[in-house]
Structures are given as C-alpha cells and as structure tokens.
Amino acid sequence: MDIERRGPVTMGLLWITMVTFFPCVLIGFQWFKDGITLPQVLLCSALSCLLILLYGASAAQLGALSGRGYGQLNRQVFGSIGASLIDFNLVGMAIIWYGLAALFLAEALLGLFHLPVAKAPLAFSLGVIMACNNFFGFKGVANFARYFAAPMLLVWVCYCFCKAAPVCPSAVLIAPPTLSFAAAFTAVCSFGFGIVVWGNEADYWRYGKPKVANSVIPMALALCLGLIVFPATGWMLSKITGITDYAAATEFMNAYSFAGIPLIGALVLSASYFAANDSGLYGSSIALENLLAIKHKPAVIILAGLGSCVAFALSTWGGAKSLEAIGTLSGVMLPVPTVIVLGEWFLSSRVFGLGQIFIKPGVCFCESKLISAPTITLLLAFIFGIATSGLIPGTASLHVGVTILQTWLFALAIYVPWRIYEYRKAVSAASSAEAIQSGIPTPL
C-alpha cells in the first residue's frame, strides 16, 4: 500500500519535537556543576551530533527507501520470532518513556502554578490526555508537531539562547578545563545517545521522501538544537546564576524563559512533552499492532493506560533520578536491532552485491528461529550493554566509556564477520553443488 510522503520541512519539524526536551536545557546546569567547560560542551556535543547523525540518517534513509517501518525491517532480518521479541522490547521501553514524559510535565506544571494537587494523580491524568493526537494516526502526530509544538520550541530556545549569550562572560571560552576531554566526552555523548536516539527511526522516516538530503539536513538541524543549543543555554545560565541544583534550575528556567507568566510556560512545556509522547506512542502502537494483531485505536488506549500507570509509579522516585537510567537502557535496547539491520543492508548492497534487497517485498534473510546470526548477535549485544552500563549493582568497574556506542560497535563486530562467513560458505556450497551437477570434480 502506498503511503503519503512528507517533505523535509514537515519531517524536520517533527524531528525537532523528538530531540528537543526541557531536560536538554537542565543537563547544561549539571555539566557546569561537574566541571565541564563551555568549549568542551560545544565540542563534545558537536561530535555526539555527528555520530548520532551517521546512525540516524542511515536509519531514516532505509525507512524512506523501503517504505517500511521498524517492525517490518526487523522481520526481514530476524524472522518473525526475533521481530516479535524486538517489538515487545520496544513496547516496554516506550511505555516507560511515556510515563516519564508525563511525570516531567506534571512536575513542571506544579512548579509553575503551585497547584493543590498531588503529583501522582496529575501525572496519571496528563498521560491519559497526551494520547489524543494518536487517534488520528501519523497525520495527527505530524500536524501537531508542524503547526504547534515545533514553532513554540524554536521561539523558546532562540529567545533563551539570545538572552543568555550576551550576558555570559566571554572568558568562559578560554577557561582551562578541570575535567579531562575523555571524561567530558563520555558524559556528554552518553546523554545525547540516551535521550535523542529512538531506535525505530524508520517508523517515522518511511513517510519522508527518499532522498539523502531530505533526512540529513532536517535531522542535523534538529540535533544541533537539542544537543548543542539547549545544553549550552543551560550551561551559560548556570554560570551566570550559580544554580546547579535540578529543582532550583527548573524553577529558575520557568521564571527566566517564560517572563514570569505561568500560562506561557505551560504552553511551551506542554508542546514539548505532548509532542515527545505523540511520537513515542505512535511507534509503540505500531509494535503492539504487530504483536497482537489489533487495530490502531485500541493499541493507543492500551499503551496510554499503561504509560499513565508508569507515570503514577515513577512519581514517588522522581523524574530526574529516572532519566539517566532509562536513557542508558533505551539506548542499549532499542537501536541495536536497527544497527544490525543497517549492517545487513550494507553487506548485501555493498559487499555481497545483491542490490537494494530491502526494497523487494517478501525477502527474509533468516528462518523464523532464535538460533540465527542476527538474533544471537542481538542477545549478546544486550548482555554486553547491560553488563557495562553500570545499572546492575556491583558492575560499576565495567562501566567505562560510552556504553551505548560501544554496544553498537560490539554488535557490528560480531555480526559482520559472521554474515560474511555465512555468505562465503553458502556461495561455496552452491558452487560445489553446481560443479557436481555439471560433472566437474570438486577439491576435497
């Protein structure tokens, strides 16, 4: 079935809402507290953007060329059983992210209006309301981002940055670092990979037009806003005010950027978190539809209900404490299948000479079983990523470097040689069989 293709402007505005969050500003306060200098923030953020763009633009182009989403591409490489496991994983992580975004918005609204309402029921109620746009499918998600959320975020961040930059002392640009570049890069890159990498980019960019510039340029601009301008703004404000505490930074940003008018703050923050949950709910509803063979609206209702319950539960722990752990786990679990699919795409088209095989319908590269090169690689990468993430008590010594990036490289280091070996073995077997049929002796 043909799908309606959107231009780079619509897709770019959508992507802005998917990689620009209020916590991207607050992390700048934390980085200032940790001793990361502004030049380090700018350089490390720029490098992170380049690495994420290399992955994201490839995933986007794969979706645009094939017209297929995350689940369909995974089914071609991992088979039906492996793809079902991946869909289940996506649904679980998306529910957690959905609840976290609803909780962040509840905390922000309570800070703006000092409402006499408990945080848990407010977060639950917001989670329910946030599902509305998804009842209109991708059109509802894209239009909300295009006409409301993205313009609001663009005006807000430009206002904050332009207000903070002239006041921040120029000496910060030449200040000597107090933290090594490796430590700074690890902190900055880990946050970037955890917060803006979705894993199921193909679910959205399959609606884009299949031209490299149509995905690279919008995605690059969105990443620059979310991972460079937002954190740099937070860092400069932390330098100016001396504020480093998360709660104090949140309260200050509300007053500083919204001119003391709570209604404006509520509109901007609601636009940001509603748009983020729109996109996450859309992708996870597709995965749930694949798993249970149900229609879109019931899937949305189920996921929104579960996400709202997660928001209620997380309210006792706090959004700030949950963000880092969830971001790391998400960066390990969700993009690895796409990394493996991209590896297969590269091998098939560039190494094996099989052409753009993902464009052909009905092609599957492994049987529907768990013991296969793609699925075994995926499971090993999950084990490696979780073991080195520091999330398990007693494994802090294994947490070195950028866990998410290292997990992706680990997966490719296993999968690429394995698939090359399988391909050469298959070619050799086919040659031997052809030689036998032709009556030509084959070497022992």
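Read-outs throughout are calculated quantities, based only on the coordinates presented, and are distinct from any laboratory measurement. Predicted model only: the values in this text are computed from it and were never measured. Cβ coordinates were reconstructed from backbone atoms using ideal geometry, including for glycine residues, and neighbour counts include every protein chain displayed.
Quick look at the values:
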{"read-out": "Sequence ranges 238-246, 262-270, 305-313, ranked by mean other-Cβ count within 10 angstrom, highest first", "value": "305-313, 262-270, 238-246"}
{"read-out": "Calculated from backbone phi, Karplus (6.51, -1.76, 1.60) coupling profile of the stretch 192-200 in Hz, x at Gly/Pro", "value": "x, 5, x, 9, 10, 8, 8, x, 9"}
{"read-out": "Computed magnitude of the charge dipole of the stretch 35-178 (debye, nearest 20; Cβ of K, R +1, Cβ of D, E -1)", "value": "240 debye"}
{"read-out": "Gain in span if fully extended, Val172 to Lys139, counting 0.36 nm per residue against the direct Cα distance", "value": "7.4 nm"}
{"read-out": "Cα-centred dipole magnitude for the stretch 1-100, charges only on beta-carbon of K, R (+1) and D, E (-1), debye, nearest 20", "value": "60 debye"}
{"read-out": "Relative packing of 385-391, 57-63, which averages over residues the other C-beta atoms within 10 Å, highest first", "value": "57-63, 385-391"}
{"read-out": "Residue of Val400, Val128, Val77 that the Gaussian network model of the chain assigns the largest fluctuation, springs spanning Cα pairs under 10 Å", "value": "Val400"}
{"read-out": "Calculated diffusion of the chain, Stokes-Einstein form, Kirkwood radius summed over Cα pairs, 10 °C and 1.306 mPa s, µm²/s", "value": "70 µm²/s"}
{"read-out": "Cut-off under 5 Å, modelled amide H: who pairs with Gly208 long-range", "value": "Arg6"}
{"read-out": "Gyration tensor over alpha-carbon atoms, the stretch 82-235, equivalent ellipsoid semi-axes in Å", "value": "30, 24, 19"}
{"read-out": "Tally of Lys pairs whose C-alpha atoms are under 27 Å apart, taken over the stretch 8-329, 8 or more apart or cross-chain", "value": "12"}
{"read-out": "Additional length obtainable on full extension of the chain from Ala120 to Ala165, 0.36 nm per residue less Cα span", "value": "12.5 nm"}
{"read-out": "Charge dipole of the stretch 8-329 about the Cα centre (unit charges at C-beta), most positive-ward option of Met11, Gly67, Met236", "value": "Gly67"}
{"read-out": "Degrees between helix 38-66 axis and first principal axis of the chain (Cα, 0 to 90, nearest 10)", "value": "40 degrees"}
{"read-out": "Degrees between helix 335-346 axis and first principal axis of the chain (Cα, 0 to 90, nearest 10)", "value": "40 degrees"}
{"read-out": "Coordinate range along principal axes, alpha carbons of the stretch 161-275, Å, largest first", "value": "46, 41, 24"}
{"read-out": "Expected-Rg normalisation [2.2 N^0.38 Å, Cα atoms] applied to the stretch 70-141", "value": "1.50"}
{"read-out": "Cut-off 15 Å between beta-carbons: net charge of the residues surrounding Asn89, Lys and Arg +1, Asp and Glu -1", "value": "-1"}
{"read-out": "Charged-residue dipole, Cβ positions (Lys, Arg, Asp, Glu), the stretch 8-329 about Cα centre, Debye nearest 20", "value": "580 debye"}
{"read-out": "Normalised alpha carbon radius of gyration of the stretch 9-116 [divisor 2.2 N^0.38 Å]", "value": "1.41"}
{"read-out": "For the stretch 91-103, 3J(HN,Hα) per residue [Karplus equation, 6.51 cos²θ - 1.76 cosθ + 1.60, θ = phi - 60°, Hz, x = Gly/Pro]", "value": "4, x, 5, 5, 4, 5, 4, 4, x, 5, 5, 4, 5"}
{"read-out": "Under Karplus coefficients 6.51, -1.76 and 1.60, residue-wise ³J(HN,Hα) of the stretch 247-253 in Hz, glycine/proline x", "value": "5, 5, 5, 4, 5, 5, 4"}
